[in-house]
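A short worksheet on the structure shown next.
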Amino acid sequence: MTLFEKIAARQIPAKIIQEDDDLIVFHDINPQAPVHVLVVPKKPITRLNHAKEEDGKLLGKLLLKAREIAGLLGIAESGFRVVINSGRDGGESVPHLHVHLLGGRPLAWPPG
Ligand code: AMP
């Protein structure tokens, strides 16, 4: 099982915000902004580079969920960023696709 599958299975503790049949949302353990949440599909797609055409609906759901959680956590109007790190140069550290939702402070661009 991946780390995030273990969180979904409650084998590893996390501050879970929401879940449904397709995804789980929880606070990042090492937040890089006042709001730093991960939106994770329960299907263990390794990374965006490995997503398939048939995953399109699920990928769209992750983005819409990130927007919903931004509203729930009060950063929809101030602004937020969604990030997917894919592969070594993308900065991916957990090989289970996830969307970062970051906000609550001005975020610099470009990223490092
Ligand atoms: P990435 O580097 O894009 O693969 O993102 C992985 C993220 O997972 C990082 O921001 C980590 O801080 C976060 N993370 C790692 N372990 C945990 C955990 N047990 N609970 C919550 N977030 C985690």
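The values are calculated or read from the model by the stated rules, or taken from the named source; none is laboratory data. Given the structure is predicted, the values throughout are model-derived calculations rather than measurements. Don't worry about glycine lacking a Cβ; one is built from the backbone with ideal geometry, like all the others, and counts go over all protein chains shown.
A few points about this structure:
- Each residue in the stretch 1-32 was checked for being among the aromatic types (Phe, Trp, Tyr) and away from the ligand (no atom under 11 Å from the Cβ), and 0 pass.
- The stretch 1-21 residues that are on the phi < 0 side of the Ramachandran plot and among the small types (Gly, Ala, Ser), paired with ones that are near the ligand (Cβ under 8 Å from one of its atoms) and in a helix (DSSP H, G or I) (beta carbon under 8 Å, 6 or more apart): Ala14/Ile7
- For Leu58: the one exception among (1) crowded, with 18+ Cβ neighbours inside 10 Å; (2) away from the ligand (no atom under 11 Å from the Cβ): (1)
- Qualifying positions in the stretch 62-92 - of a type in the set (S, T, N, Q) and within 13 Å of the chain's Cα centre (by Cα): Asn85, Ser86
- Out of Ser93, Ser78, sole residue that is more than 15 Å from the ligand (Cβ to nearest atom) and under 20 Å from Pro111 (Cβ atoms): Ser78
- Remark: pairs (first residue in the stretch 34-58, touching a residue at least 12 places away in the same chain (Cβ under 8 Å); second residue surrounded by fewer than 17 Cβ atoms within 10 Å (Cβ to Cβ) and hydroxyl-bearing (Ser, Thr, Tyr); Cβ separation under 6 Å; 6+ apart in sequence or on different chains) = Pro44/Thr2; Arg47/Ser86; Leu48/Ser86; Asn49/Ser86.
- Which listed residue is within 11 Å of the chain's Cα centre (by Cα), farther than 18 Å from Phe4 by Cα and surrounded by 13 or more Cβ atoms within 10 Å (Cβ to Cβ), from Leu38, Leu102, Leu23: Leu102
- Residue match in the stretch 83-94 (condition: surrounded by 17 or more Cβ atoms within 10 Å (Cβ to Cβ), farther than 15 Å from Ile17 by Cα and charged (D, E, K, R)): yes
- Among residues of the stretch 71-87 that are of a type in the set (Ser, Thr, Tyr), those with a beta-carbon under 9 Å from a residue that is surrounded by 14 or more Cβ atoms within 10 Å (Cβ to Cβ) and modelled with pLDDT of 95 or more at least six positions away or on a different chain give the pairs Ser78/Gly103; Ser78/Gly104; Ser86/Arg47; Ser86/Leu48; Ser86/Glu92; Ser86/Leu97.
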